[in-house]
Amino acid sequence: MDRALSVQRPVVVAHIRALRRSHPNASPAQLVRILERRYLTAITTGGAAVGATAMVPGFGTGLTLTLAGAETAGFLETTALFAQSVAEVHGITVDDPVRARALVMTLMLGKAGTDLVRQFTGQAFRGGPPRKVFWGEMVTSKVPQAVMGPVADELRRRFLKHFVKNQGTSLVGKAMPFGIGAVIGGAGNNFAGRQVVTAARSAFGPPPVWLPLELEPRERKALPTIRQLRERLPSPRKAGRRDAEDPTL
């Protein structure tokens, strides 16, 4: 679960650059909306696909539950990629796995997670965090490293209870036959994903006007074609003429 809740930053940066290449004129706000749509589509499709296996002949409940477990890990990784991507678009670098996991767990916990973060940040800053600082930035960069340990531990404890309870119900629902599992799997993931999207909007506030330069796609130098290489080479006639005129050759 720790591995699934944090994604290495190079993967996140590459993800945003690829998105930028396909939408070169999109503003940061539009990129965030695209990230939200892709995230909801991915997790909804994954949940519905696993639920649909319950009505395939030859697929037993045990196999469906096994696939649901793998899909749950994919759900966590997709959520982590989405959360860290939104943070990067807002100009917040997330290269610490502890902070990355804390961000994702807080988003998935909803109000309980944000209340816990505000409680710890209030203690760390003696009365409250600095003004005009959203809680997403507090978790990913502003909270001192010494405070992040207790915050992450408490978040993990609450998150495990929340996650086991919700996913236990979801696993049973996805295993139901006659297409019911597909509906429950897709709808359940979509509902959880929309809560994450709403929490991410409150975590970081409005997107910036400009995308950080580091996230802009790097220009790829095209390799020369065979025709271009031939054009760069001297023609045999000119080469022979130079050889005849130069006595040293």
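Where a number appears in this text, it was derived from the coordinates with a stated rule and is not lab data. Keep in mind that this is a model prediction, so the values were computed, not measured. Cβ atoms come from the backbone with ideal geometry, glycine included; neighbour counts cover every protein chain shown.
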Inset, instruction - Please work out how much length the chain gains when fully extended from residue 187 to residue 112, using 0.36 nm per residue of separation minus the C-alpha to C-alpha distance, in nm with one decimal. - result: 24.8 nm
Inset, instruction - Mind giving me the FRET efficiency for residue 30 and residue 213? R0 is 25 Å, r the Cβ-Cβ distance, nearest 0.05 is fine. - result: 0.90
Inset, instruction - Would you mind computing, in nm to one decimal, how far apart the modelled labels at residue 93 and residue 21 are, each placed 7 Å from Cα along Cα→Cβ? - result: 2.3
Legend entry - Cβ-derived FRET efficiency at R0 51 Å, residue 14 paired with residue 146, nearest 0.05: 0.95
